[in-house]
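Written below as C-alpha coordinates is the structure these notes are about.
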Amino acid sequence: MPIVWLVAGILLAAAELMTGDMFLLMLGGSALVTAGAGWAFGMPLWAEGLVFVISAVVLLLGVRPALRKRLTAGPVIHTNAKALEGKSAIVIEPVDDLHGLVRLGGEMWSARSLEKSGRFEQGETVTVVQIDGATAVVEKI
(Lines give C-alpha, C1' and ligand atoms only; values in the text may rest on other atoms or scores of the structure.)
Protein backbone atom coordinates (compact mmCIF):
# COMPACT_ATOMS: atom_id res chain seq x y z
CA MET A 1 0.00 0.00 0.00
CA PRO A 2 2.92 2.47 0.42
CA ILE A 3 3.13 2.82 -3.37
CA VAL A 4 -0.40 4.26 -3.39
CA TRP A 5 0.59 6.82 -0.74
CA LEU A 6 3.69 7.70 -2.76
CA VAL A 7 1.70 8.27 -5.96
CA ALA A 8 -0.94 10.24 -4.04
CA GLY A 9 1.76 12.42 -2.46
CA ILE A 10 3.35 13.20 -5.81
CA LEU A 11 -0.02 13.96 -7.43
CA LEU A 12 -1.10 16.22 -4.55
CA ALA A 13 2.20 18.10 -4.64
CA ALA A 14 1.86 18.54 -8.40
CA ALA A 15 -1.75 19.74 -8.04
CA GLU A 16 -0.50 22.36 -5.58
CA LEU A 17 1.18 24.13 -8.48
CA MET A 18 -2.29 25.09 -9.75
CA THR A 19 -3.68 26.36 -6.44
CA GLY A 20 -0.80 27.98 -4.57
CA ASP A 21 -2.70 27.71 -1.28
CA MET A 22 -0.27 25.23 0.38
CA PHE A 23 -3.19 22.98 1.37
CA LEU A 24 -2.59 20.27 -1.21
CA LEU A 25 1.15 20.48 -0.62
CA MET A 26 0.63 19.69 3.08
CA LEU A 27 -1.60 16.74 2.22
CA GLY A 28 0.97 15.58 -0.33
CA GLY A 29 3.69 15.80 2.31
CA SER A 30 1.52 13.82 4.68
CA ALA A 31 1.00 11.14 2.05
CA LEU A 32 4.76 10.94 1.50
CA VAL A 33 5.33 10.61 5.27
CA THR A 34 2.76 7.82 5.31
CA ALA A 35 4.46 6.06 2.37
CA GLY A 36 7.80 6.20 4.15
CA ALA A 37 6.35 4.93 7.42
CA GLY A 38 4.51 2.15 5.59
CA TRP A 39 7.70 0.95 3.90
CA ALA A 40 9.87 1.30 6.98
CA PHE A 41 7.56 -0.43 9.45
CA GLY A 42 5.27 -2.59 7.28
CA MET A 43 2.12 -1.14 8.84
CA PRO A 44 -1.43 -2.33 8.27
CA LEU A 45 -3.77 -0.04 6.32
CA TRP A 46 -5.53 1.33 9.42
CA ALA A 47 -2.15 2.36 10.93
CA GLU A 48 -1.14 4.05 7.68
CA GLY A 49 -4.42 5.96 7.75
CA LEU A 50 -3.69 7.06 11.31
CA VAL A 51 -0.20 8.22 10.33
CA PHE A 52 -1.71 10.17 7.42
CA VAL A 53 -4.30 11.91 9.63
CA ILE A 54 -1.80 12.82 12.35
CA SER A 55 0.84 14.09 9.94
CA ALA A 56 -1.79 16.02 7.95
CA VAL A 57 -3.03 17.78 11.10
CA VAL A 58 0.54 18.64 12.14
CA LEU A 59 1.41 19.98 8.70
CA LEU A 60 -1.84 21.88 8.19
CA LEU A 61 -1.96 23.48 11.63
CA GLY A 62 1.73 23.79 12.39
CA VAL A 63 3.71 24.20 9.19
CA ARG A 64 1.25 25.73 6.71
CA PRO A 65 0.49 28.99 8.62
CA ALA A 66 4.19 29.73 9.17
CA LEU A 67 5.04 28.89 5.57
CA ARG A 68 2.25 31.06 4.17
CA LYS A 69 3.22 33.96 6.39
CA ARG A 70 6.84 33.72 5.32
CA LEU A 71 6.02 33.46 1.62
CA THR A 72 3.39 36.21 1.51
CA ALA A 73 5.11 38.79 3.72
CA GLY A 74 6.74 41.52 1.70
CA PRO A 75 9.39 43.94 2.84
CA VAL A 76 8.35 46.50 5.43
CA ILE A 77 8.15 49.90 3.78
CA HIS A 78 7.95 52.82 6.16
CA THR A 79 5.92 55.77 4.97
CA ASN A 80 5.04 59.22 6.26
CA ALA A 81 6.60 60.10 9.62
CA LYS A 82 8.01 56.60 10.14
CA ALA A 83 10.12 57.02 6.99
CA LEU A 84 11.88 60.03 8.54
CA GLU A 85 13.15 58.13 11.58
CA GLY A 86 16.88 57.50 11.32
CA LYS A 87 17.42 60.34 8.83
CA SER A 88 19.99 63.08 9.38
CA ALA A 89 18.95 66.69 9.94
CA ILE A 90 20.86 69.96 10.19
CA VAL A 91 20.16 72.24 13.16
CA ILE A 92 18.91 75.65 11.95
CA GLU A 93 18.05 77.14 15.35
CA PRO A 94 19.50 75.74 18.60
CA VAL A 95 17.65 72.62 19.79
CA ASP A 96 17.09 71.74 23.44
CA ASP A 97 14.58 69.52 25.23
CA LEU A 98 11.74 71.99 24.61
CA HIS A 99 12.18 73.56 21.18
CA GLY A 100 14.38 74.17 18.18
CA LEU A 101 14.38 74.01 14.39
CA VAL A 102 16.03 71.56 11.97
CA ARG A 103 16.17 71.09 8.21
CA LEU A 104 14.99 67.57 7.45
CA GLY A 105 14.73 66.37 3.87
CA GLY A 106 14.63 69.94 2.54
CA GLU A 107 11.86 70.98 4.94
CA MET A 108 11.96 72.92 8.19
CA TRP A 109 10.79 70.96 11.23
CA SER A 110 10.32 71.99 14.80
CA ALA A 111 12.57 69.83 16.92
CA ARG A 112 13.47 68.92 20.46
CA SER A 113 16.22 66.88 22.02
CA LEU A 114 15.61 63.29 23.06
CA GLU A 115 17.51 63.84 26.29
CA LYS A 116 16.61 66.54 28.82
CA SER A 117 20.20 67.79 28.97
CA GLY A 118 20.74 67.61 25.19
CA ARG A 119 21.48 70.86 23.38
CA PHE A 120 22.52 71.17 19.75
CA GLU A 121 23.86 74.34 18.17
CA GLN A 122 23.24 75.76 14.70
CA GLY A 123 24.99 73.80 11.96
CA GLU A 124 25.29 70.52 13.90
CA THR A 125 24.08 67.30 12.32
CA VAL A 126 21.59 65.26 14.33
CA THR A 127 19.61 62.07 13.79
CA VAL A 128 15.83 61.89 13.95
CA VAL A 129 14.83 59.32 16.58
CA GLN A 130 11.08 59.71 16.17
CA ILE A 131 8.41 62.08 14.97
CA ASP A 132 6.11 63.31 17.74
CA GLY A 133 3.21 65.08 16.03
CA ALA A 134 4.90 67.84 14.02
CA THR A 135 8.10 67.77 16.05
CA ALA A 136 11.23 65.82 15.22
CA VAL A 137 12.80 64.28 18.30
CA VAL A 138 16.56 64.25 17.66
CA GLU A 139 19.84 63.11 19.14
CA LYS A 140 23.51 63.54 18.28
CA ILE A 141 24.79 61.17 15.59
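Details
This table checks each residue for (1) assigned by the TED database to the domain that holds Ala13; (2) open to solvent by less than 70 Å² (accessible area, probe 1.4 Å); (3) under 32 Å from the mean Cα position of the chain (by Cα).
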{"residue": "Leu25", "(1), (2), (3)": "yes, yes, yes"}
{"residue": "Gly38", "(1), (2), (3)": "yes, yes, no"}
{"residue": "Leu60", "(1), (2), (3)": "yes, yes, yes"}
{"residue": "Leu104", "(1), (2), (3)": "no, yes, yes"}
{"residue": "Gly123", "(1), (2), (3)": "no, yes, no"}
{"residue": "Thr127", "(1), (2), (3)": "no, yes, yes"}
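- Glu16 meets the conditions (1) of a type in the set (D, E, K, R); (2) in contact with a Lys or Arg (Cβ under 9 Å, 6 or more places away or on another chain); (3) in a helix (DSSP H, G or I) in every case but one. The failed one is (2).
- Subset of the stretch 19-40 [among the aliphatic types (A, V, I, L, M) and either part of a loop (DSSP other than H, G, I, E, B) or without any contact (Cβ under 8 Å) to a residue 12 or more places away in the chain (or both)]: Met22, Ala40
- Subset of the stretch 107-120 (residues that are loosely packed, with under 15 Cβ neighbours inside 10 Å and either at pLDDT 95 or above or within 18 Å of Asn80 (Cβ to Cβ) (or both)): Glu107, Met108
The values are calculated or read from the model by the stated rules, or taken from the named source; none is laboratory data. Note that the structure is a prediction, hence the values are computed from the model and not measured. Reconstructed Cβ throughout: ideal geometry from the backbone, glycine too, with neighbour counts over all protein chains shown. Heads up: the accessible areas ignore ligands, DNA and RNA and are worked out on the full protein's heavy atoms, side chains in. Shrake-Rupley method; radii C 1.70, N 1.55, O 1.52, S 1.80 Å.
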